[in-house]
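Below is one structure; the comments refer to it alone.
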Amino acid sequence: MLDADFFRRWMTATAVSVEHEAERLTALDSPIGDADHGSNLERGFRAVTAALEKDGPDTPGAVLTLAGRTLISTVGGASGPLYGTLLRRTGKALGEAAEIDEREFAQALRTGVDAVMQLGGAAPGDKTMIDALLPAVDALGQSFAAARSAAEEGALATTPLQARKGRASYLGERSIGHQDPGATSSAILIAALAETAGE
Amino acid sequence: MSDLVSDPVDGETAAGDGAKLVGVVLVSHSAAVAASVAELATGLAGGGTLAPVAAAGGDGDGGLGTSSELISAAAATVDRGAGVAVLTDLGSAVLTVKALLAEGDELPPDTRLVDAPFVEGAVAAVVTASAGADLAAVEAAAAEAYTYRKV
């Protein structure tokens, strides 16, 4: 079973990974974006860690809802509302249960991913975070480790795609050949999840 | 950031005493763009009653980006009880407003993201709102700016 502490540790682990990978994310965001993905997410997840320490939400749903709200208000780029919506909707779908099982979490995360697709209007293959998140949710039924592999493969598979959403889409064919920074940060988020689960 | 929020002007009342005007919020990645478009739109709306207009530009720290705090504050500033029309430029500005709307309690009731070109839509929205039109009419006027082809 997964409790509030598990989700707090997931968010903290994500903050650590994002800080560690911020330069790589920003480097990926330089050729096809506006070179702020790493620093934006770093600021956002640092604020998430602080908010979770300050407020001490005591259910899985409350942890993720607070994390999502914090990202929306602190990131300043498109990744704020997108990751914010992902976590907030996932949190809301979890309701007020003190503990949830893996299957319930997988279902809730799917609700969150659906909400992100609706918000951004992105479909699989558009070279966005969805290309890492959807395979991860599909694999989450097997294990956290499978979800991590699926997200990483999904992020790598964005390289040959042409971007159809966001600033990268203005580059047309010139977006081909670059790994998508949003899919990469999504893979980091899912890797932190697997790490938190000890897988 | 009050210097970036144009003074909301309460109606002197072409639309009648006690008329509730629709407020307009302009969200851009750039504080200068948002403030300038607000200036342009209020300037072109001209004399008489002027609907309240507020700019919410940049990331709040002087950089390019979107600040949900600035957007919420701007919407509260222009809310006169007749609804608030929000116009945005690109990317995170659009997504942040949508996320705030989905949040439920971050923006005044009857706040709408209006699908319109930023500059032309802002002028149409402010002129229409200043004439005392309701939120649906303001939205329609701003959206109609898409149909005006330049070539």
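The values are calculated or read from the model by the stated rules, or taken from the named source; none is laboratory data. Keep in mind that what you see is a predicted model, and the values were worked out from it rather than measured. Cβ: placed from backbone, ideal geometry, glycine included. Neighbour counts: every protein chain shown. Only protein heavy atoms, including side chains, enter the accessible area calculation; ligands, DNA and RNA are left aside. Shrake-Rupley method; radii C 1.70, N 1.55, O 1.52, S 1.80 Å.
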Using alpha-carbon positions, what is the distance between the centroids of segment B:40-105 and segment A:143-199, in Å? 32
Within segment A:118-146, whose backbone N sits under 18 Å from a point 7 Å along Cα→Cβ of A:Glu199? A:132-146
Angle, helix A:37-55 long axis vs. longest principal axis of chain A, Cα atoms, 0 to 90°, nearest 10? 10
So what are the radius of gyration and Dmax for the Cα set of the protein assembly as shown, in Å? 21.3, 68
Candidates A:Pro181, A:Pro124, A:Pro81: whichever shows maximal mean-square fluctuation once chain A is modelled as a Gaussian network with Cα springs under 10 Å: A:Pro124
Out of B:Val123, B:Val84, B:Val27, any idea which swings most in a Gaussian network model of chain B, alpha carbons joined below 10 Å? B:Val123
Evaluate the relative contact order of chain B (contact order divided by residue number), counting alpha-carbon pairs under 8 angstrom at least 6 apart; express in whole percent. 28
Computed Rg/Rh for segment A:2-196 (Cα atoms; Rh = Kirkwood radius) stands at 0.95
Which residue fluctuates the most in chain A, going by a Gaussian network model with Cα springs under 10 Å, if the choices are A:Ala155, A:Ala47, A:Ala136? A:Ala47
With axes computed from alpha carbons, what is the tilt in degrees of helix A:60-74 against the longest principal axis of chain A, rounded to the nearest 10 within 0 to 90? 40
As an exercise, identify the GluC sites (Glu not before Pro) in segment A:88-159 lying in DSSP coil whose Cβ has no more than 11 other Cβ atoms within 10 Å. A:Glu96
Relative contact order (%) - segment A:123-199, alpha-carbon pairs under 8 angstrom, separation at least six: 38
Given all pairs of different Cα atoms, what value in angstroms does the Kirkwood hydrodynamic radius of segment A:80-199 take? 14.4
Please enumerate, by chain and number, the lysines with C-alpha under 24 Å from the C-alpha of A:Lys92, excluding those fewer than 8 residues away in the same chain. A:Lys54, B:Lys98
Let me have the relative contact order for chain A, percent, based on Cα pairs under 8 Å that are six or more residues apart. 22
Given a 1.4 Å probe and no ligands, DNA or RNA in the count, how much accessible surface is buried by B and A, both sides, to the nearest 100 Å²? 1200
Within 10 Å of each Cβ in B:64-77, how many Cβ atoms from other chains are there, averaged over the peptide? 3
For chain B, find the longest principal axis of its Cα atoms and tell me its angle to the long axis of helix B:118-130, 0 to 90°, nearest 10. 40
When the chain is fully extended, how far beyond the present Cα-Cα distance does A:Ala27 get from A:Arg46, taking 0.36 nm per residue of separation? 4.8 nm
If N is the number of residues in segment A:16-131, what value comes out of its Cα radius of gyration divided by 2.2 N^0.38 Å? 1.08
Rounded to one decimal in nm, the spacing of the 7 Å Cα→Cβ label points at A:Gln142 and B:Ala19 is 6.5
